[in-house]
Each structure stands twice: as structure tokens, then as C-alpha cells.
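Please treat every number below as a calculation from the coordinates, not as lab data. Everything numeric here is computed off the predicted structure, so don't read it as measured data. When we count neighbours, we look across all protein chains shown, and the Cβ atoms used for this are built from the backbone with ideal geometry, even at glycine.
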Amino acid sequence: MSIRSILAAAGCAIVLAMFGAPTAGAQPLNRFWECDAGTYCIMTDIDYEHYLCEWSSTDLNYTNDYCYYGIAASPADDSASSYRNNGAPHTYDDIYSFRRPNNTADKLWFAPRGESRSWVSPCLAEPCNDQASGHQWV
Ligand SMILES: [Ca+2]
Ligand SMILES: [Ca+2]
């Protein structure tokens, strides 16, 4: 091994130490416990996994919203596969979820305060997976 290749390998090790080596086979993150008190949360995959979106108020249009997984973001619209209603008593209790932005007529699910669903079906009007485009506290 030449001095040059030893230095190159050492440099690579330093870079990995500084920025973290890529993790092979990383497990999906369960976001259930990250849904803050007083908020309604959707996760983009079954079993509360992957991207998390969190609201403390009514939002009837998800088309300009993003869910987060660390610093990475993913569109919130048409992505909800599980949810948690972690609302606060008397202020934010129950949730209706809607299929289309700014349209409260086509309800997907009703989520009483405290309810968590690891999969959005069965629901009020199938299909419900990857359909939610807004919600309202009621
Ligand atoms: Ca999804
Ligand atoms: Ca939709």
C-alpha cells in the first residue's frame, strides 16, 4: 500500500467520523411518540412510520404542507397512512379528515381525541389510504 492510498483511506475515515457513516439497513422510525400533546399527527406509512406531519389547528388544505423525517421533507397531501389524535381536552378534541382540499363534504375518518390508528382503513368512505387532504377539529 502506497503512502498516497494510506492517506486517502485515512482521509475517508476522518470524513466518515465527521459526518457519520451511512447506516446500512436502518429501521423505519415509529413516530407515534413524537406526536406532541395538543396536536393531530399523520404519518406517511403504516404503523406510525416514516414522515410525520403535525398540526395544532385546523388545516383544510395539505397541498402546501410537508411532513418531516429528520431534515428530509415529503408532501403531506395524499400521503396519510396512519394517524394519532393527541389533542387537548375542551380545545382540540375530535378530528374529521377530508379527501379533498377545502372540501369538508367527503369525510375519510372521524378521530376522537386520544385515538390512534396504525392503518387508516376501515374508514367512512374507502379508499382512505393516501387520500387525506385536510382536517378539521370539531
Ligand atoms: Ca402513505
Ligand atoms: Ca386527497
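In a simple Cβ point-charge model (Lys, Arg +1; Asp, Glu -1; nothing else charged), region 28-137 has a dipole of about 180 debye relative to its Cα centre. In order along region 41-55, the phi-based Karplus estimate (6.51 cos²θ - 1.76 cosθ + 1.60, θ = phi - 60°) of 3J(HN,Hα) comes to 10, 10, 10, 7, 9, 4, 6, 6, 9, 6, 5, 10, 10, 9, 10 Hz; Gly and Pro are listed as x.
Between A132 and D78, S79, A80, the built amide H atoms are under 5 Å apart, and every one of these is 5 or more places off in sequence or on another chain.
Does region 28-137 come out rounded, prolate or oblate, given a ≥ b ≥ c as the square roots of the eigenvalues of its C-alpha gyration tensor, rounded meaning a/c under 1.5 and, failing that, prolate meaning a/b above b/c? Rounded shape, in that the Cα axes give a/c under 1.5.
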